[in-house]
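These notes are about the structure you will find just below.
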Amino acid sequence: MLVPARLASTRLPGKPLAEIAGEPMIVHVWRRAVEAGIGPVVVAAAEREIVQAVERAGGIGILTRPDHETGSDRIFEALGRLDPEGRHDAVVNVQGDIPTIEPEAIRAVMTPLADPAVDISTLAAEIVRVEERSDPNVVKIALGLAPGARIGRALYFSRAAVPAGDGPLYHHIGLYAYRRAALERFVSLPPGILERRERLEQLRALEAGMRIDAALVDTVPLGVDTPADLARARAILAHKATG
């Protein structure tokens, strides 16, 4: 597993090192990934300060080029340096700003790759709060999910409420597992038309004909993008530490 992280952030500069319950946020994410127990975990960082924070906690960090535009590009560089022989045929991208992610959710993202036709797997959770259905900050996934099924094919991602009509809407959780060949292809593709329009990187894969399946999980982890999100994460993890 690889955890991409960089200090530059428009809304919350320096957020990987933001203190939560006595430790930097990136350390919380690293711990959850280790607890998932599905393979070695390395933080792919744009800055040495992040690597040092992870190493102080007992983890492994690798310094990557600072100019990568996406986390996918960053983990591809790190993967090539860590495993040049290609021993690992799949890689999980755990975003470095989801400190409340459950290890069970990280394990679940590997399940769709049991189907050899799947290039990339990700996670979804049913939207239960009415206001999130129309919130453009909540990315939706149009998921071909049969009744009772826990895995479905992703047909589209959008900031709009898709699909139309009666039935559940699903919140996309930005955790991915790539087949190695799929990651190599993905980072070589130019940005897609719909990707630029929706500002959603995963649409690049769909536009190129790649298959993405999603596993259904029960909860949505808190992504930290703003000072308010950071305050919520601190409250959640402080409660867990004392509870």
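Of note:
- Relative contact order for the chain: 22 percent, from Cα pairs under 8 Å spaced at least 6 residues apart, divided by residue count.
- Cα-based shape type of region 36-190, given that a ≥ b ≥ c are square roots of the gyration tensor eigenvalues and the cut on a/c is 1.5: prolate
- MRE, 222 nm, helices only [DSSP H, n ≥ 4, -39500 (n - 2.57), over the chain, to nearest 500]: -9000 deg cm²/dmol
- Full-stretch length increase - A114, R150 - with 0.36 nm per residue and alpha-carbon distance subtracted: 11.6 nm
- Label reach from D83 (point 7 Å along Cα→C-beta): in region 19-61, amide nitrogens under 11 Å belong to 39-42.
- Percent of beta bridges antiparallel (DSSP, the chain, rounded to nearest 5): 60 percent
- Vicinal HN-Hα couplings computed from phi for region 10-20 (Karplus, 6.51 cos²θ - 1.76 cosθ + 1.60; Hz; Gly/Pro x): 5, 8, 8, x, x, 5, x, 9, 4, 6, 9
- Residues V224, V187, V91, ranked from the fewest to the most other C-beta atoms within 10 Å, line up as V187, V91, V224.
- Sites excluded, trypsin sites (Lys or Arg not before Pro) in DSSP loops with at most 14 other C-beta within 10 Å, longest stretch of the chain: 12-86
- Of the GluC sites (Glu not before Pro) found in region 74-170, those in coil by DSSP whose Cβ has at most 13 other Cβ atoms within 10 Å are E85.
- Rounded if a/c under 1.5, otherwise prolate or oblate - region 1-110, Cα gyration tensor axes: oblate
None of the figures in this text is laboratory data; all of them are computed from the coordinates on show. The structure presented is a predicted model; accordingly, all values stated were derived computationally and were not measured. No Cβ is skipped: glycine too gets one built from the backbone with ideal geometry, and neighbour counts run over all protein chains shown.
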